[in-house]
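Read through the structure below, which is laid out as structure tokens, and then see the notes.
The values are calculated or read from the model by the stated rules, or taken from the named source; none is laboratory data. These numbers were taken from a predicted model, which means no experiment stands behind them. Neighbour counts run over all protein chains shown; Cβ positions are idealised from the backbone, glycine included.
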């Protein structure tokens, strides 16, 4: 008996959930940015919303952590739980949208690629925004499609909530808001319901994002979409400004951008299927294709455009866009299987070939099923030492950002020249610097800068559990 779409979506969710859960269980400690979200969640739970928002990340993900904390049994567990559950749940709206636009086989392959993408498995198994962001983004994509095909006032309300949530997790979510308002009005059937639904979408978006935007206005002195440096760079880029970095620095960032795109195609292994998938677009209705690809193309073009003014490029900027672009690879895989069926319907090698394709899609995820950051468990020992020796610092810096959160301090970027370091210390922005023996080996110039600064005390060496890195702490005099 054929499996239903609902059951298939449930199985894909279960596969994604189990993969992320196993990856989560192998993660000894959160990553560098995770401490920021956890601290925001702590402060939100304590009612310190201004302090939390001043860390400059968007508020919804840490708010979800704060809400989940009593159920999860702890703040770190809550951060990982929200990421695992929402990251896995994003499989469902992704599958439904691709199925509606490109068909069930393509939807299956896209969801499988998403479920076992190693980078996504890692980010969505710890306190990071990727799980929540992609759940709300793909939900907004699916609901925008439903509003385009069958508009209603109820869908307009839910779509507004999903689009607003996408933006409140990451500033890139502004694209979801714009497309949610634009696409339903591109058809004339049921125009009254469409206009009413879009107005409700707009009203819900404004209602939900207004508190954050008002806070941004209070901080910046004028209207803006965020206090995130990347969002401010986007505003400057759209205003026609140019960045301060030279042409060689821009070239390196652009090169990194395209290298990340190559990595997201399994280092080129999926490119032939992408090309085959492009050829298959002739069988897709123009409106459907334009609708679907407006999301990934917008998500991929935005970071490239913002590199005019922004001086940083991360793979996280491209993950959602490349996940959606996998629809092309999925179309190519579907066409390849159909071609094999036509050319050799009775060939004994066909099951092996199909199995090989599935292994190629799933096997890369094994890279995320490993023990991660075991050597950084010494950050917990260092944090305990900091709390036991003197007042807890308000802010810490250095490569070992995990120690800052565990010690109850905010983590800030470190000065990396003698002038910026001394200026940072004299301005009382930082009270303690933390780094490991690995930094002593790999970043000797930076460590020498800290140890040679007369405004800092000599380093204190902390030895953590066996097999972990030594930690060095230097307090401001």
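Structural remarks
- Residue check for residue 35: touching a strand residue (DSSP E or B) at 6+ places or on another chain (Cβ under 6 Å), assigned to a helix (DSSP H, G or I) and either touching a residue at least 60 places away in the same chain (Cβ under 8 Å) or surrounded by fewer than 21 Cβ atoms within 10 Å (Cβ to Cβ) (or both): yes
- Taken over the stretch 429-456, the criterion of being more than 14 Å from residue 416 (Cβ to Cβ) and buried (at least 19 other Cβ atoms within 10 Å of the Cβ) is satisfied by 432, 434, 436, 456.
- Members of the stretch 395-447 found to be closer than 21 Å to residue 51 by Cβ and assigned to a strand (DSSP E or B), listed by number: 395, 396, 397, 410, 411, 432
- Any hit, the stretch 295-307, residues being in the same structural domain as residue 228 (by TED's automatic domain parsing), surrounded by 18 or more Cβ atoms within 10 Å (Cβ to Cβ) and within 22 Å of residue 103 (Cα to Cα): yes
- Of the helices (runs of 4 or more DSSP H) entirely within the stretch 297-392, those holding at least 1 residues that are within 23 Å of residue 93 (Cα to Cα) occupy 319-343, 349-362.
Condition check ((1) more than 28 Å from residue 41 (Cβ to Cβ); (2) in contact with a helix residue (DSSP H, G or I) (Cβ under 9 Å, 6 or more places away or on another chain)) across all residues:
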{"site": "392", "(1), (2)": "no, yes"}
{"site": "396", "(1), (2)": "no, yes"}
{"site": "401", "(1), (2)": "no, yes"}
{"site": "405", "(1), (2)": "no, yes"}
{"site": "410", "(1), (2)": "no, yes"}
{"site": "418", "(1), (2)": "yes, yes"}
{"site": "430", "(1), (2)": "no, yes"}
{"site": "444", "(1), (2)": "yes, no"}
{"site": "472", "(1), (2)": "yes, yes"}
